[in-house]
């Protein structure tokens, strides 16, 4: 199980909440705007160090509160806490300071499926890069160092371009950028190859169709990154930024050989994205062990009963602690929860 206990204070509509979730599937019911999603947001904050609903952490703080604090007891017995004030945030695990988001992700791996999950299909490459990098971070130990090296070289090359520095200065960072970028592309391609089978299997169960993932680097297919950077150097000078490389990469999606983006309906987009999320969860389950947590917010939205039941059956079969929200039990027929919580007027009560 991911969380043995959860305590939240100063979060949106909640003054103080204490939960003892089950190790398996937990159902959270309540009317719209009652705070169901806010509970998931608190768990997401613990594992990711940010909100999935607001661009700024401080937007999560209750209006009459000075700070937001969320604390959980993890599967290994350690306490993990995140505190957010209107001027910053801090985190501690086992009594020791946590200074990097990667540490939180390692302590409490959290996966999210919410009503906006279709953005993974419909929106720009950034959403799909984050999806791919989240998996790569967990399955490729060298990813984080490589990604940081690439980002550092990218910032320096961009600074050299904007500052109109000489050719030698730009090329020096270009060389480092190409070196880290080639390795980053390699790690991402390896992860895509590992994701393909579990994602395709879930897509067959949800959609009865084949879903293919294809990594597309941020330069012309088959072109070496170093050559691409050199070729675009003058154009990049004029733009003041690097316009080719892994930071421009994408994951192309095809459903039965059709492009998923812009071709399938909104409901199908949600199922395609769900297949990606659940397939990724299947891949990561041996890595996460009993630390993983899956958050599923309002799964019935935009899905008919048959597809919703199919989705929930797959969710229930994952070896993770799961939190699912719904208006009431009747909204999710067939779902068997180990523990149910009801949210109303800023209070959370355990029903079962």
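Which of the residues belonging to segment 22-35 are modelled with pLDDT of 95 or more, under 14 Å from residue 343 (Cα atoms) and within 22 Å of the chain's Cα centre (by Cα)? Listed by number, the residues that qualify are 26, 27, 28. Taking segment 296-305 as the range and being in contact with a strand residue (DSSP E or B) (Cβ under 9 Å, 6 or more places away or on another chain) and either surrounded by fewer than 23 Cβ atoms within 10 Å (Cβ to Cβ) or over 29 Å from residue 76 (Cα atoms) (or both) as the test, the residues that pass are 298, 299, 300. Restrict the check to segment 291-302 and report whether at least one residue is in a loop (DSSP other than H, G, I, E, B), touching a residue at least 40 places away in the same chain (Cβ under 8 Å), under 20 Å from the mean Cα position of the chain (by Cα) and more than 19 Å from residue 131 (Cβ to Cβ). Yes, because at least one residue in segment 291-302 is in a loop (DSSP other than H, G, I, E, B), touching a residue at least 40 places away in the same chain (Cβ under 8 Å), under 20 Å from the mean Cα position of the chain (by Cα) and more than 19 Å from residue 131 (Cβ to Cβ).
Filtering segment 282-295 to residues that are crowded, with 23+ Cβ neighbours inside 10 Å and modelled with pLDDT under 95 leaves only 292. Against the condition in contact with a helix residue (DSSP H, G or I) (Cβ under 7 Å, 6 or more places away or on another chain), more than 19 Å from residue 4 (Cβ to Cβ) and modelled with pLDDT under 90, how does residue 303 come out, does it pass? For residue 303, the condition - in contact with a helix residue (DSSP H, G or I) (Cβ under 7 Å, 6 or more places away or on another chain), more than 19 Å from residue 4 (Cβ to Cβ) and modelled with pLDDT under 90 - is met.
Is it fair to say residue 335 is surrounded by fewer than 23 Cβ atoms within 10 Å (Cβ to Cβ) and over 17 Å from residue 31 (Cα atoms)? In short, yes. Residues being touching a residue at least 40 places away in the same chain (Cβ under 8 Å), within 20 Å of the chain's Cα centre (by Cα) and assigned to a helix (DSSP H, G or I) are entirely absent from segment 81-99. Can you tell me how many residues within segment 172-188 are surrounded by fewer than 16 Cβ atoms within 10 Å (Cβ to Cβ) and touching a residue at least 24 places away in the same chain (Cβ under 8 Å)? Final tally of qualifying residues: 1. Here is the figure for segment 66-88: residues that are at pLDDT below 95, in contact with a helix residue (DSSP H, G or I) (Cβ under 6 Å, 6 or more places away or on another chain) and more than 17 Å from residue 293 (Cα to Cα) total 1. If you go through segment 229-243 and keep only what is surrounded by 16 or more Cβ atoms within 10 Å (Cβ to Cβ), touching a residue at least 60 places away in the same chain (Cβ under 8 Å) and not in a helix (DSSP H, G or I), you end up with just 242. When residue 220 is tested against (1) in contact (Cβ under 8 Å) with a residue 60 or more places away in the chain; (2) in contact with a helix residue (DSSP H, G or I) (Cβ under 7 Å, 6 or more places away or on another chain); (3) exposed (fewer than 13 other Cβ atoms within 10 Å of the Cβ), only condition (1) is not met.
Residues that are more than 16 Å from residue 229 (Cα to Cα), without any contact (Cβ under 8 Å) to a residue 40 or more places away in the chain and buried (at least 16 other Cβ atoms within 10 Å of the Cβ) within segment 142-164 comprise 147, 149, listed in sequence order.
Does residue 226 satisfy the condition of being part of a helix (DSSP H, G or I) and either in contact (Cβ under 8 Å) with a residue 40 or more places away in the chain or touching a helix residue (DSSP H, G or I) at 6+ places or on another chain (Cβ under 8 Å) (or both)?
On the way: part of a helix (DSSP H, G or I): yes; either in contact (Cβ under 8 Å) with a residue 40 or more places away in the chain or touching a helix residue (DSSP H, G or I) at 6+ places or on another chain (Cβ under 8 Å) (or both): yes.
So residue 226 fits the description; yes.
Look at segment 13-38: where a residue is without any contact (Cβ under 8 Å) to a residue 24 or more places away in the chain and on the phi > 0 side of the Ramachandran plot, no partner that is surrounded by fewer than 16 Cβ atoms within 10 Å (Cβ to Cβ) and part of a loop (DSSP other than H, G, I, E, B) sits 6+ places away or on another chain with Cβ atoms under 8 Å. Look at segment 111-140: where a residue is on the phi > 0 side of the Ramachandran plot and in a helix (DSSP H, G or I), no partner that is crowded, with 19+ Cβ neighbours inside 10 Å and at pLDDT 95 or above sits 6+ places away or on another chain with Cβ atoms under 9 Å.
The values are calculated or read from the model by the stated rules, or taken from the named source; none is laboratory data. Small disclaimer: the values here were computed from a predicted structure and weren't measured. FYI the Cβ positions are ideal-geometry reconstructions off the backbone, even for glycines, and counts take in every protein chain you see.
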